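Report on one structure; see the data block that follows.
The values are calculated or read from the model by the stated rules, or taken from the named source; none is laboratory data. All values reported here derive from a predicted model rather than from experimental measurement. Heads up, the Cβs are rebuilt from the backbone with ideal geometry, glycines too, and the neighbour counts pull from every protein chain shown. Protein only, heavy atoms only, side chains kept; ligands, DNA and RNA dropped before computing areas. Shrake-Rupley method; radii C 1.70, N 1.55, O 1.52, S 1.80 Å.
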Amino acid sequence: MKMSIRGRSPLFLLSTCIAILILLPSIFLLAGLFQPVSENWEHIRTIVLERYVKNTLVLLGAVGLVTASVGTFLSWSLTQYDFKWNQVKMSLLLLPLAIPPYIGGYVYGGIFNYSGTLERIFRSLGWAPIHIDMLSMSGAIFVFSIFLMPYVILVTRGFFYRLPASYFESARLLGHSRFQTFFRVILPMSRGVIAGGTVLVLLEVLNDYGLVRYFGVPVFSTAIYSAWFGLGDVQSAIRLAMILMGIVFVVLFTEQKLTQSIPTVPAKADARIRRRNKPSKWLWWSFHSVYFLYLGAGVLIPVAQLLAWSKMASKQVIMRGLPSLIGNTLKLGLIVTVGVILCGLIIGNYQRLKNNFWGRFYSKLVVLGYSIPAPIIAVAVLLFFVQVDQSLQGTYQWLGLKNAFLTGSLFLLIFALTLRYMAIGYNSLSAGFNRIGRRYYDAARTLGASGWRSFWHVDFPMLKPAIFSAILLTFVDVLKELPLTLILRPFNFDTLATRVFTYAGDEMIHEASVYALLIIGVSGLALITMQAIQKRRKSYD
């Protein structure tokens, strides 16, 4: 398909520029595969690669199984059975999402170590201490499952809410009990939805670096970091990144097949909304046991422990430059958020107005960025900007700049974070564009308004809730981001997340708690605000 620049709209040209910037780092990463390998790669391939693959697959399989089963049980119970304060309980289930897994890992590592909180409690009661090896594969599975389970709950609850009464009535006429109806009718229908939520969990597991590094679990994210910074071996890091990308494609392909094979339920398939059933005693006790254990492990214990630690170290932390760290974090978050929103508005508006091949291609390209783990993006972006710096050596000398001007600047990190989280902003904005359609835009154009004026005075006011949601989601994700910031940050540039990682790695978990609480507080506030916006939007609809 030929693409001529002449006659194309500015919106198309801007969307094309964004798409090219998204693709270029990946192209440089692929080109690196054709470079000669080193002795380090031969050692990695023959000795430790099998362990990386095995640990990664075990971690994905175990975390996926736990989050899919427990998350579906909690979501199904609250949407289909009448407990007290169902809506409040559903909202509380999402709170663990405000705690990044690496912070949860640091907390539980401090609780269960040999001189940790649990051992001190046992000794104060005169009991023999119980030693639990939390810094292990099983510990990583536990922490990932607890703090990533809200992804499954978020995705499945909407599907379960929309289930029409006719499905249950038909199953009852066929003689099925509630238990049989769920396993024979509802569960086969919802496999694709559950798989979609589980894939989000698995992508976050592959993206993590702080937790697996602290727990000493050798997986691909730690291997890429070690090859790049520990050995200084770019080629080995590239090959490890491409193998990890292969695992990502397998996960996405499996999810797509499951989703395509399952029929979807229309949003308004049946006007008769089914009332919630009264739970049996067995279900009531089972649900509340799982529910309160989950909230205790995912919210109460981590926050209480962090508060206790922060009380011990608050004065020392403030003296060590907390305002500067907050300033760096806010600056980085605001710049990346503005970039993500602008790119999302451009591509989302182009896809809405044209809905042609290029619009659909650009939208899929933007969404694909979130499925690529941070270590892969870091390697790709760094390779790309190294080549850019080399090609601009003459310009740098003429301007009096240092040779690695871009590679050593904050721009490198901003660019990578924008690529990583562009999908977050785009998905929210795309949903907003789909809600308003283009009828108001077309009406304004018919009345003689220009395209820019129609968007600014007609579409933009109606997009404000979607824009606000995109801003919140993007800013919080940048606030919690660790791998990209850790790898690509300029010299002597720290954020709250990197300082938490540094302190935890130096066994200064008390000092790390203050920064961790700041991250959790902002994330929790954003999560509560998002739920309020969604509730208001539903009541408006």
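What FRET efficiency would be calculated for the residue pair residue 286, residue 388, taking the C-beta separation as r and a Förster radius of 60 Å, to the nearest 0.05?
Working: r = 57 Å, r/R0 = 0.96.
Using R0 = 60 Å, I get an efficiency of 0.55.
How much length would be gained if the chain were fully extended between residue 449 and residue 133, taking 0.36 nm per residue of separation minus their Cα-Cα distance, in nm to one decimal?
Value of the extension gain: 107.1 nm.
Considering only protein heavy atoms, with the full assembly of protein chains and a 1.4 angstrom probe, order 91, 15 by accessible area, largest first.
On the way: 91 45, 15 0 Å².
Heavy-atom accessible area, descending, gives 91, 15.
Could you grab the relative contact order for the chain? Cα pairs under 8 Å, six or more apart, rounded to a whole percent.
21
How much of the accessible area of the range 371-413, probe 1.4 Å, is carbon plus sulfur, in whole percent? Kindly include the intermediate steps, with their values, before the conclusion.
On the way: 1280 of 1950 Å².
C and S fraction of accessible area: 65 percent.
Wrap a convex hull around the Cα atoms of the range 1-84, take a quarter of its surface area, and give that in square nanometres.
Convex hull of Cα atoms, orientation-averaged projection: 12.9 nm².
Which shape class applies to the chain: rounded if a/c is under 1.5, otherwise prolate when a/b exceeds b/c and oblate if not, where a ≥ b ≥ c are the square roots of the Cα gyration tensor eigenvalues?
Oblate is the answer for the chain, as a/c is 1.5 or above yet b/c matches or exceeds a/b.
Under 8 Å for C-alpha pairs, at least 6 residues apart: give me the relative contact order for the range 393-541, rounded to a whole percent.
Relative contact order here is 24 percent.
Hey, any idea what % of the range 17-63's accessible area is carbon plus sulfur with a 1.4 Å probe?
Details: 1950 of 2890 Å².
C and S atoms contribute 68 percent here.
At 1.4 Å probe size, what's the solvent-accessible area of residue 137? Round to the nearest 10 Å².
50
At what distance in angstrom do the alpha carbon centres of the range 451-516 and the range 195-257 lie from each other?
After rounding, the separation between the Cα centres reads 21 Å.
What is the distance in Å between the Cα centres of the range 22-65 and the range 329-356?
Value for the Cα centre distance between the two parts: 31 Å.
Put 204, 42, 507 in order of accessible area, largest first, 1.4 Å probe: what do you get? The partial results should precede the final answer.
Numbers: 204 35, 42 75, 507 135 Å².
So, going from the largest accessible area down, we get 507, 42, 204.
Note down the nm distance, to one decimal, between modelled labels 7 Å out along Cα→Cβ at residue 50 and at residue 491.
Result: 4.3 nm between the two label points.
What per residue convex hull volume, in Å³, comes out for the range 274-371 when only alpha-carbon positions are used?
219
Probe 1.4 Å, all protein chains in place: accessible area of residue 468 in Å², nearest 10?
90
What is the extension gain from residue 404 to residue 38, computed as 0.36 nm multiplied by their sequence separation minus the C-alpha to C-alpha distance, in nm to one decimal?
129.3 nm
Please list the three semi-axes, largest first and in whole Å, of the ellipsoid equivalent to the range 46-146, using sqrt of 5 times the eigenvalues of its alpha carbon gyration tensor.
The answer is 29, 25, 11 Å, longest axis first.
Sorted by mean Cβ packing within 10 Å, highest first, what order do the peptides 290-302, 484-496 take?
484-496, 290-302
At 222 nm, what value in deg cm²/dmol follows for the chain if DSSP H runs of at least 4 each add -39500 (n - 2.57) and the sum is divided by all its residues, to the nearest 500?
Numbers: 27 runs with 392 residues, N = 541.
Taking each H run of at least 4 residues, the total per residue is -23500 deg cm²/dmol.
Can you give the Rg/Rh ratio of the range 438-541, where Rg is from the C-alpha atoms and Rh is the Kirkwood radius?
On the way: Rg = 20.6 Å, Rh = 17.0 Å.
That ratio equals 1.22.
Whole number in Å², please: accessible area per residue of the chain, 1.4 Å probe, ligands, DNA and RNA not counted.
I get 49 Å² per residue for this part.
What does the accessible area of residue 255 come to, in Å² to the nearest 10, when a probe of 1.4 Å is used?
50
Any idea what % of Cα-Cα pairs in the range 364-477 are farther than 24 Å? Don't jump to the answer; show the numbers that get you there.
On the way: 3162 of 6441 pairs.
That tail contains 49 percent of the Cα-Cα pairs.
Ordering 280, 286, 190 by how much accessible area each has at a 1.4 Å probe, largest first, what is the list?
Putting 280, 286, 190 in descending order of accessible area: 280, 286, 190.
Would you mind getting me the FRET efficiency between residue 462 and residue 17? Use the beta-carbon distance for r and R0 = 35 Å, nearest 0.05.
Values: r = 27 Å, r/R0 = 0.76.
Computed FRET efficiency for residue 462 and residue 17 comes out at 0.85.
Please compare each pair in 84/281; 89/331; 257/364; 89/480; 89/278 to a cut-off of 23 Å on the Cα-Cα distance and tell me which ones are over it.
89/331; 89/480, as the Cα separations exceed 23 Å there.
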